[in-house]
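Inspection log for the structure reproduced underneath, given as C-alpha cells.
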Ligand SMILES: [Zn+2]
C-alpha cells in the first residue's frame, strides 16, 4: 500500500500528478499496488482488510473514470479495474457488472485503436498485476488478447472474467503470492533451488529466486 500512496502523492512516476488528464493514465501502477495488497490480505485470511483495500482501489478508479480521464478507452480501463477489485475479493456479481460496463465502453473504441489501447499504462498495469496473480503460470499478451486486433479488447475482458477466479483459487490454496517475474533462465545448472531442486531461476530486484517456488537460490560453485 505504501507504494500505492507514494505513487498517488506524486513521489514516483517521475513526479507526474496522477489526478490530471495528462497524468491519470499512470495511476494504473498505483492501482496495481493496491490490487496486489488486496490479494495479499485475502491470502492471509484478513478479509475485512482486503475489503477495505479493494474499496480504496474502487474509489480511486471511479474518481479517475468520472472526473479525471476523458478518453473513452481509458474510462473503460477504469471499469476493468473496478471489476478486478470486485473479482479478487470474490464479489462475483458486482465484478460481472463492472466487466460488462468495461466491455461496452471498449466496444465503442475504434477498431484500429484497440491494440494500441492495450499499451497504455493504465491497461499495461492491470495486465502486469494479473500476470503476477497468475504466476507461476505466466500468460502472454496473445493469450489475453487473441490474434484478431478488432476483438482484442473483448477477448481481454473475457480472459480476465474467466481466469481471475481460478488464479485466486490457486493462490489461496498455495497460501502465497509468487514473486514478480524478472528476467528468467531455464535449466541453469549453476543454480539449484535448496528447496525443490529446480534449476529454473528468476532474477528479480537484485536477488536470484527459484522460478518454481520463490526460494532464494544460491550459485553452486
Ligand atoms: Zn524451488
Return yes when residue 211 is surrounded by 14 or more Cβ atoms within 10 Å (Cβ to Cβ) and assigned by TED's automatic domain parsing to the domain that holds residue 50 and no when it is not. no
Single match in 221, 195, 214, 137 (criterion: away from the ligand (no atom under 14 Å from the Cβ), assigned to a loop (DSSP other than H, G, I, E, B) and over 24 Å from residue 118 (Cβ atoms)): 221
Among the residues of segment 198-211, count how many are in a loop (DSSP other than H, G, I, E, B) and within 7 Å of the ligand (Cβ to nearest atom). 1
Residues that are loosely packed, with under 15 Cβ neighbours inside 10 Å, part of a strand (DSSP E or B) and away from the ligand (no atom under 15 Å from the Cβ): does segment 170-184 have at least one? yes
Go through segment 105-134 and count every residue that is farther than 30 Å from residue 202 by Cα and either in a helix (DSSP H, G or I) or in contact with a helix residue (DSSP H, G or I) (Cβ under 6 Å, 6 or more places away or on another chain) (or both). 9
Quick check on residue 85: is it free of Cβ contacts under 8 Å to residues at least 60 places away in the same chain, assigned by TED's automatic domain parsing to the domain that holds residue 167, under 17 Å from residue 127 (Cβ atoms) and in contact with a helix residue (DSSP H, G or I) (Cβ under 9 Å, 6 or more places away or on another chain)? yes
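State whether one or more residues within segment 156-167 are more than 16 Å from the ligand (Cβ to nearest atom), surrounded by fewer than 15 Cβ atoms within 10 Å (Cβ to Cβ), under 20 Å from residue 42 (Cα atoms) and without any contact (Cβ under 8 Å) to a residue 40 or more places away in the chain.
yes
Is it the case that some residue within segment 63-77 is in a loop (DSSP other than H, G, I, E, B), exposed (fewer than 15 other Cβ atoms within 10 Å of the Cβ) and on the phi < 0 side of the Ramachandran plot?
Filtering segment 63-77 down to residues in a loop (DSSP other than H, G, I, E, B) leaves 69-71.
When the remaining residues are screened for being exposed (fewer than 15 other Cβ atoms within 10 Å of the Cβ), the result is 70.
In the following step, the residues that additionally are on the phi < 0 side of the Ramachandran plot were identified as 70.
Within segment 63-77 (the criterion being in a loop (DSSP other than H, G, I, E, B), exposed (fewer than 15 other Cβ atoms within 10 Å of the Cβ) and on the phi < 0 side of the Ramachandran plot), the answer is yes, since at least one residue qualifies.
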Total residues in segment 81-98, condition closer than 16 Å to residue 59 by Cβ and at pLDDT below 95: 1
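The values are calculated or read from the model by the stated rules, or taken from the named source; none is laboratory data. What you see is a predicted model, and the numbers here were worked out from it, not measured in a lab. Neighbour counts are summed over all protein chains in view; Cβ atoms, including those assigned to glycine, are modelled from backbone coordinates with ideal geometry.
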